[in-house]
Each structure stands twice: as structure tokens, then as C-alpha cells.
Amino acid sequence: MQKRHGVRRFFVTFSLFLIIISLSHPALAATSFLDVTDAHWAARYISRMNAMGIVGGYTDGTFRPDQAVTELEAVLMAIRCMGGNASSAATVPFVVPDWARQDVARALDLGLLKSYEDFYPEAAATRAWVTRLLVRMIGKEEEAINSYELPAFTDSYLIPSWATGYVQVAQASKLVSGYPDNTFRPDAAVTRAEMATFLGRAQDMLPDSGGLIKGRVLEVSLNQLTISTSDGKTRTFQVTYDLPAYDESGPISLLALQRLDKVSLVTDGDRVKYLEKLPAEPVGAVVNGSIRKVYQEMRALVVEVAGGEYRTFYLPADGDIPVSGAGAGGVAALQPGDEVEIILDAANYVTSITVISRQQRDINEGIVYDLDPDAKLITLQADSGSLVSYRLADEVNVVMEGQRFPAVKDIHQGDRVRLTVENYAVTTIEVLEVYSLLDVTGTVITVAPADGVLTLQVEGQPRAFWVADDARAVLAEVVSGDQVQARVEKGVITGLEIKGRRIEDRLTGTVVGIDTGNRILTLMDEKNTLQAYKVKDNARIVIDGEDGTLSAVKKDMQATIRLLDQEIIFLEVDNSRAGTVVSLDDTGLLLVLQDEAGQRETYVLAKNVDVESRDDRDELDEIRRGDFVEITLDGDTVTDIMLRTELILRVEDIREYWDRIDAEDEDGDTYKLYIRDGVELVVPGVDYPDVEDVREGDTVRATYMGEDLKKVEVLQPQRGKVTAVNTYTRTVALTCFDGTTATLEFREGSEVIAGSKKYDSLSRLAVGDRVEVVENVKGGYTFKVMQEVAGTLVADVDVYLLHEDGLTLQPASSPWRQESYDVAEYVYVHEAGSSVSASNLKKGRQVQVYLLDDVVYEIEVL
């Protein structure tokens with residue numbers, strides 16, 4: 001026995017040794033092309049562009065790096081690099097293939113091409129021509145037009161006059177460089193390797209780096225990488241041993257990464273497809289300690305480091321720094337007591353902050369777990385089960401319905417309360433429910449009817465409850481996985497209602513395995529979750545519309561199942577596939593689809609293939625690259641194609657009796673949306689929505705597959721401040737009032753509404769505008785610009801009644817008048833760039849409010 005254990009230890013040790021050796025070998029970062037080795041000068045950019053789907057290889061596994069690109073290919077690569085897939089109605093004045101017409105139209109919209117310039121789709125793209133394309137990509141065309149300097153190449157006299165400014169700007173921006181003899185060779189054809197390199201350099205200058213995720217390494221292992229992103233978030237990704245990874249010098253090993261290295265990632269969900277280690281920035285020091293004070297106006301932090309020493313650190317004067325682990329808000333989100341890691345540059349200025357741990361002090365609502373008035377301490381239990389303690393101020397205001405002069409002594413353990421905290425001390429306690437009369441919604445984990453105990457998963461945490469005697473009858477009907485709503489009084493469930501049961505759900509997915517002997521079917525659902533189910537002996541099985549047997553069910557078939565007692569009682573499968581159209585050849589014989597996992601498959605089309613869609617496209621030549629389709633196969637031949645169509649509609653009427661929503665599009669055409677037979681309804685903030693949760697006037701997105709309605713989603717407006725307007729990429733960046741950020745494309749159908757006027761031009765928006773944005777029935781976005789009013793508060797604002805009572809101002813433009821305004825429930829109040837409590841709104845304070853339809857959504861204290 002001893003010897004066998006030794007052999008086992010040897011194999012484990014030897015296996016780990018092989019893994020480490022293989023991971024540390026840079027050859028594993030090779031490209032996926034047979035003709036591009038690690039040593040190829042463009043391997044890094046070819047790998048990155050391939051991972052992002054901007055360039056691809058040939059069916060023989062080659063990339064052909066020295067092959068010239070055509071002008072059409074160069075434009076299509078540039079469009080992919082810039083991202084987005086908005087359609088365009090622009091007229092294309094060039095002769096191009098039908099499959100490329102939409103992309104060329106978009107290139108015209110973005111200014112990459114001009115209708116009055118020559119464009120030869122099949123001609124080789126020259127270095128001068130591509131340089132102009134690159135400069136337009138990064139939004140520097142105006143600079144190029146106004147440039148009168150000659151590029152620093154020995155053959156600058158050969159550069160066409162129309163291209164001189166573009167080449168000069170591109171050289172200054174390090175987009176292009178010359179050959180070893182310092183020539184530019186403007187008429188030379190651009191190769192595929194050169195194009196990948198040019199696009200990689202241009203991508204680094206695009207907004208949001210063209211979709212790349214950048215940050216600093218926090219931790220790396222054999223299969224995971226954790227980074228602190230540039231927007232202050234901590235994210236963990238899955239990595240593989242053969243991940244393409246590079247730095248400026250060539251391929252690198254994952255194990256060569258060090259903590260705090262800067263990296264750029266191409267990802268697919270939580271999986272890294274490509275990694276690039278960025279040039280190192282000088283790091284002066286790494287300091288660990290505890291936040292004691294934040295002076296935002298001085299851009300300074302006081303930190304207690306090891307040994308109890310207090311040290312002051314300063315933030316750079318220009319721009320924000322990434323703060324991860326503290327939620328939204330950057331430096332303003334730091335709290336006293338946060339344990340942090342601070343990275344300093346060579347000049348000892350703070351470059352980034354990572355919150356390692358923090359006391360849970362952002363919970364101000366929960367159940368009173370303990371109250372000690374003598375020690376001036378109150379402890380709450382959050383819904384998650386965690387505890388948090390607060391110090392009571394010398395004077396605490398207590399609000400309790402039904403009691404005239406409530407005091408702290410009237411609050412009891414088990415009460416549900418909401419706290420107002422100022423300067424880390426509780427100043428107000430509002431009693432929401434006496435003795436915790438609560439409605440709890442959760443998923444059943446276990447049920448013990450005999451013992452009267454029910455364990456639920458509530459907000460991600462398991463919680464066990466006693467069930468009152470008169471409510472135990474329901475327990476016999478409850479099973480694991482049920483969604484329930486429970487009435488809790490003093491910690492005991494007094495009422496229980498089953499809100500949803502998965503075993504009654506209609507589930508769809510792809511068959512990934514069949515065990516006919518044990519009658520087990522394994523299904524992958526739309527979320528790529530695998531689940532195995534037992535097929536009942538008496539289950540009905542329908543295959544392509546006819547009764548069949550389990551042995552006739554094949555892998556990769558699309559399946560719909562019904563469950564009874566967690567076993568399949570009904571199984572319907574068909575020989576269909578779904579994916580995004582990559583290409584459809586001109587002859588209409590071959591269709592290439594890419595599935596959700598990124599795998600591509602080529603299918604042969606039947607001669608009389610049937611095409612079905614909700615937007616009246618019923619011919620093969622009306623299918624566009626990028627369409628999501630579901631196909632039906634007869635053997636290996638496609639017989640039917642159903643296109644997914646998304647329509648933006650305005651709700652006109654709700655027919656609850658019929659489970660129907662009546663809606664109209666921009667042309668006034670009526671759509672009857674029946675929420676039944678598996679149609680999914682999504683209403684923000686509602687867990688189990690019904691048609692009665694939809695309101696007249698709502699904007700909804702209706703998703704069809706062919707002619708069948710699949711999903712109806714109520715669209716929620718976004719409100720916030722415009723932080724950037726890019727007229728070249730036609731995008732608008734927002735910082736929303738809830739702390740999130742968004743970048744929206746000003747696509748066809750978008751409009752700006754300012755006051756009573758409506759515009760279709762992006763130039764009507766300006767940085768600093770406060771807007772409400774929602775998708776419209778034209779397929780674009782409607783940006784409603786808020787009105788700005790500056791003035792003086794006439795009276796103190798009641799924190800708890802602000803939404804109900806509103807506020808009254810003495811406008812600066814007409815100080816002899818008083819104006820009263822309604823206030824949104826979740827109004828954004830801030831001062832000096834930081835969110836503050838509405839208790840700061842005192843009589844005489846100067847404020848600026850932003851309102852829409854006479855409702856205030858933002859209050860800035862001046």
C-alpha cells in the first residue's frame with residue numbers, strides 16, 4: 001500500500017510539473033494560423049484582430065499575411081473594428097456586392113467613405129488610401145485637412161496631394177511608419193498583415209478602445225485571471241493554457257504576468273480570448289492601510305498604515321483614478337475604515353486604489369437585531385443576514401406611524417427600520433413595520449413538513465423559517481425549486497403562496513446527450529446551462545411534428561419539454577439550428593451560421609427554401625449578414641429559415657382578459673401581442689410580470705422568430721448627463737443618475753427633443769446636457785433634453801416628503817416669483833461632484849435643478 005501511494009504522489013507531482021512547464025513556454029501563445037508563427041512581425045495584431053472577429057483565416061488554416069487587401073476588404077475590417085451593427089439607409093453610389101451594401105452604407109454614414117470620392121471595391125488598397133481611412137476612423141480628418149506639413153519620409157514627394165495631410169497626421173499619431181530605408185511607398189498595396197497592424201494601432205485610439213477591457217492584474221492562476229478594470233471594477237475571467245498572450249516583444253506566458261501589470265483583454269463573456277501586456281508605467285510604491293479621511297476638495301487621503309502611522313496621499317490634479325471594490329462613485333465612494341491597497345507613481349501621486357475589505361456600512365434598512373440606548377448603539381440585520389452597527393447621535397428623531405411623540409425606547413428588537421446617517425451617526429430612525437411584518441420572496445431549498453421548517457434562498461443567502469401551524473397545510477404542496485412569497489411575523493411564516501414552479505415551465509434548449517437505456521436526456525438551455533432529465537415511460541415524444549420514440553432523438557436537435565414531478569412527460573424535437581448569419585453566397589446554395597459559442601457551420605440550402613419573418617422579408621436575397629435565424633433541416637439540407645425580428649412599439653391598450661397588449665409602430669400599424677403559450681414578458685423591477693404591469697404609453701421591444709412572438713420587454717428610460725458627443729462615430733456617452741455609464745449610438749431614427757422642438761441632428765446635443773433617453777418606434781433613440789433652472793430654496797426640504805411635497809424655488813431669472821416643482825422618487829442630489837443627502841437642501845441654499853415635464857430629476861447644490 002505504501003508503494004502505491006508513492007506512485008500516486010509521483011504522478012500528481014509529475015503532472016503538475018508538466019502543466020507548469022507547458023504554461024511557462026511562450027510557444028503556447030502562437031497564433032491559430034499555419035502560416036503565422038510566433039516570430040512573425042505582425043503576430044500580436046493578427047491574433048488580436050482574429051480574436052475580435054475583425055479578420056479571419058481561410059479554410060486551409062492559413063491567414064496569408066502577405067496577400068493584398070482590396071479597398072472593400074479594408075472598409076469592412078474598419079467597420080468591424082469600430083463596432084456596432086446599426087443599419088443605414090444611406091444611398092450607396094458604388095457598385096458593390098449586395099452582401100456588403102449595408103456595411104458600405106454605414107461607412108458612408110461614419111465618414112469613412114465619401115460619395116464624391118473614387119472607391120474601387122476590387123482594387124488593391126494602397127498605403128495612401130488606407131492611411132486616409134485610418135485617420136477618419138480615429139476622428140482626426142479635420143486635423144489632416146488643415147495640416148500643411150510634409151511627412152518625414154524620403155519619398156514624401158510621391159505622396160498624392162490629397163493624402164499628404166492624412167499621412168502626416170497618421171505618422172504623428174504613430175498609426176503608420178515607414179520602411180527601413182525611411183520611405184513610405186504610398187502606392188504600395190497594403191497586405192493583410194499590415195492591415196491588421198494598422199487596425200490594432202487605430203483601435204487603441206477609439207472610444208473605449210474599441211471594446212477592449214483594460215486594467216491591472218490583481219491575481220493570476222492556471223485557469224483564472226482577476227484584474228482591476230480602468231472603470232474601478234474588479235473582474236475575474238477564465239483563461240486557458242493556450243491563450244494567445246503578447247507584449248511588445250512577442251508572445252509571453254501567463255505565468256510571466258506580475259501583480260499590477262497593465263493588460264488589455266479580448267473577452268467572450270467571462271472567457272479571455274486574447275491578452276496583451278501593456279507597456280509598464282513606473283510604480284513608485286504600493287501602500288496598504290485603512291482609510292481614515294477623504295478630502296475631496298484637496299484631492300487628498302489620510303491613511304493609517306502598519307504601526308498606526310497616519311500618512312497623507314495626494315491624487316493627481318487632472319482626471320479621476322480607478323477605484324475598485326467600492327462600487328460606483330470613484331474616490332467619493334471610499335469610506336472611513338476601508339482596507340485599501342494604494343498604488344503610487346514615481347512622483348508619489350495616487351494612480352489607483354483597490355478596496356480589499358470594508359465594513360458593511362452602506363446598509364441603512366433592515367431588522368433591529370439589537371438596540372442599546374445607554375451605549376448609543378443600534379445593530380441591524382440586513383435581508384442578506386449580515387449585521388451592521390451604527391452609533392446613535394446625541395439627538396435622534398424617531399418616526400413611527402400612530403404614535404405622537406415616539407422615542408428610541410419605543411423601538412423593539414424585530415422592528416423593520418430605515419436609518420438616516422450623517423457623519424457616521426444615526427440622526428433619524430423611521431419604523432417601517434412593527435415586529436417585522438414582512439413579505440419575503442425566495443426560492444425553496446428544502447422543506448420539512450413534519451417539522452414545520454422551510455428553508456429559502458433569499459437574495460442569494462439561505463434562510464430557515466418556522467411555519468405557523470395554520471399555514472403548514474401548504475407545505476405539503478411545496479417542492480424544492482418553487483418560487484414562493486411568505487408573510488413573516490416575528491420570524492414565523494404565517495402565510496405562504498407559491499408564485500412559480502419550474503416543473504410546470506415550458507423549457508426549450510438543445511439536445512446534447514441521450515441515454516436511451518436509462519431514458520435520460522441532457523439539455524442545454526438558452527443560458528448554456530446543462531441539465532439532465534429522466535424521460536417518463538409514458539412520455540409523449542414528437543419528432544418533426546409526428547409521434548416518435550426516444551431512440552430517434554438525436555444530438556443537436558432543438559427540444560421543447562414539459563415536466564411532471566421533475567421528469568419529462570412531453571418531448572418535442574425538431575431538426576433545427578439557430579445562429580447569426582455570417583454569409584450567404586450569391587448563388588443561394590450555401591449559408592454560414594455562427595452559434596452562441598462562436599462556432600461556425602456551413603449548410604446547404606434546398607432549392608425552394610422557405611424564408612419567414614415578421615418584417616415581410618421572404619426571399620433569400622433579403623437576408624442580411626448579422627441576422628439571427630433559426631433553420632430547419634431535412635437531413636443535411638435547409639428547408640426553412642425563420643428570421644428574428646425586433647420591433648419597437650408604443651403600447652396603446654391593455655386587454656387583461658385576453659392576456660393581450662395592443663401596440664403600434666411608427667407607421668400606425670397595430671400589433672396584438674398575446675402573452676401566452678411561452679411568450680416571455682419582461683417588466684423592469686417586477687419579478688413575475690403580467691400584462692397588468694404594462695401601462696399605456698410604455699415603449700416595448702417585441703421579439704419575433706419568423707411570425708411567432710417570443711418576447712415582449714418594457715423599455716426603461718435612462719436619465720443622466722451627457723459626457724461626450726462623437727460626431728464621427730455618432731455616439732453619445734452618458735453618466736446616468738444611478739451611477740452607471742452608457743454609450744449610445746445615434747443611429748437612424750434617433751431624435752433630439754428640446755422644449756417644443758424636435759431635431760434629427762446629433763449636433764443638437766452638447767456635453768453637459770441632462771437628458772432622458774429611450775428607444776423609439778423608429779428604431780433609434782429619443783433624447784429629451786431637460787430644462788435647467790437656477791434659484792434659491794424658499795424653505796427647508798423634508799427628506800421623507802420630498803417626493804410627495806416637491807420643492808419651491810425663487811428662480812434667479814425672476815427673483816420676485818416662486819415656482820414649485822414635483823420631484824422624482826429617486827432624485828439625484830449632489831454637491832461639488834459628490835452625491836449628498838437631501839437633508840442638505842436648506843432654506844436659502846443656491847441650487848440648480850434639471851427637470852422634464854415639470855418633474856425634477858437632478859438637484860445640484862451650488
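Phi angles across region 363-373 convert, under the Karplus curve 6.51 cos²θ - 1.76 cosθ + 1.60 with θ = phi - 60°, into 3J(HN,Hα) values of 9, 10, 9, x, 8, 5, 8, 7, 9, 10, x Hz, Gly and Pro given as x. For the chain, the membrane-span-like helix rule (DSSP H, alpha carbon extent of at least 20 Å along the helix axis, mean Kyte-Doolittle at least 0.0) picks out 2-23; this says nothing about an actual membrane.
The peptide list 850-862, 599-611, put in order of mean Cβ contacts within 10 Å with the highest first, becomes 850-862, 599-611. Pairs over the 23 Å Cα-Cα cut-off, from the set Lys174/Lys262; Lys233/Lys721; Lys140/Lys262; Lys710/Lys758; Lys721/Lys758: Lys140/Lys262; Lys710/Lys758. Here the chain has 47 percent of its accessible surface on carbon and sulfur atoms, given a 1.4 Å probe and all protein chains in place. Close amide H partners of Asp482, meaning residues 5 or more places away or on another chain with modelled amide H under 5 Å apart, are Val444.
For region 249-292, the Stokes-Einstein estimate of translational diffusion at 25 °C and a viscosity of 0.890 mPa s comes to 189 µm²/s, using the Kirkwood hydrodynamic radius over alpha-carbon pairs.
Need one word for region 718-785: rounded, prolate or oblate. Basis is the Cα gyration tensor (sqrt eigenvalues a ≥ b ≥ c); a/c below 1.5 gives rounded, then a/b vs b/c decides. Rounded, because the longest to shortest axis ratio a/c is under 1.5.
Residue by residue, region 633-645 carries 3J(HN,Hα) couplings of 10, 10, x, 10, 10, 7, 9, 9, 10, 10, 8, 7, 10 Hz when phi is fed to the Karplus relation 6.51 cos²θ - 1.76 cosθ + 1.60 (θ = phi - 60°); x denotes Gly or Pro.
Solvent-accessible area per residue in the chain equals 52 Å², computed with a 1.4 angstrom probe and all protein chains kept. Rounded if a/c is under 1.5, else prolate if a/b beats b/c, else oblate: with a ≥ b ≥ c from the C-alpha gyration tensor eigenvalues square-rooted, which is the chain? Verdict is rounded for the chain. The sum of -39500 (n - 2.57) across all DSSP H runs of n ≥ 4, divided by the residue count of the chain, sets its helix-only mean residue ellipticity at 222 nm to -3500 deg cm²/dmol.
In straight-distance terms, cross-link reach from Lys554 covers every one of the lysines whose alpha-carbon lies under 22 Å from its own, apart from those fewer than eight places away in the same chain; here that gives Lys527, Lys534, Lys536.
Protection proxy ranking, highest mean first, for peptides 676-687, 645-656, 163-174: 163-174, 645-656, 676-687, where packing is the per-residue count of other beta-carbon atoms within 10 Å, averaged.
Looking at the square roots a ≥ b ≥ c of the eigenvalues of the Cα gyration tensor of region 505-574, which shape do they give, rounded for a/c under 1.5, prolate if a/b is larger than b/c, or oblate? The shape class here is rounded. For the listed peptides 195-203, 540-548, 632-640, a ranking on the average number of other beta carbons within 10 Å per residue, highest first, reads 195-203, 632-640, 540-548. Along its first, second and third principal axes, ordered by size, region 212-277 spans 28, 21, 20 Å in Cα coordinates. Near Gly495, the amide H atoms lying under 5 Å from its own belong to Arg487; only residues 5 or more places off or on other chains count, and H is placed 1.01 Å from N.
Region 216-279 and region 56-135 have Cα centres lying 31 Å from one another. In order along region 839-848, the Karplus-derived 3J(HN,Hα) couplings, from 6.51 cos²θ - 1.76 cosθ + 1.60 at θ = phi - 60°, round to 5, 6, 7, 9, 3, x, 6, 7, 9, 10 Hz, and Gly and Pro are given as x.
Could you let me know the centre-to-centre spacing of region 674-712 and region 285-311, using Cα atoms, in angstrom? Region 674-712 and region 285-311 have Cα centres separated by 51 Å.
The values are calculated or read from the model by the stated rules, or taken from the named source; none is laboratory data. On a predicted model such as this, the values are computed, not experimentally measured, just so you know. For neighbour counting, all protein chains shown are included, and Cβ atoms are generated from backbone atoms with ideal geometry for every residue, glycine included. The protein model used for the area step is the full one, side chains on, heavy atoms only, and it has no ligands, DNA or RNA in it. Shrake-Rupley method; radii C 1.70, N 1.55, O 1.52, S 1.80 Å.
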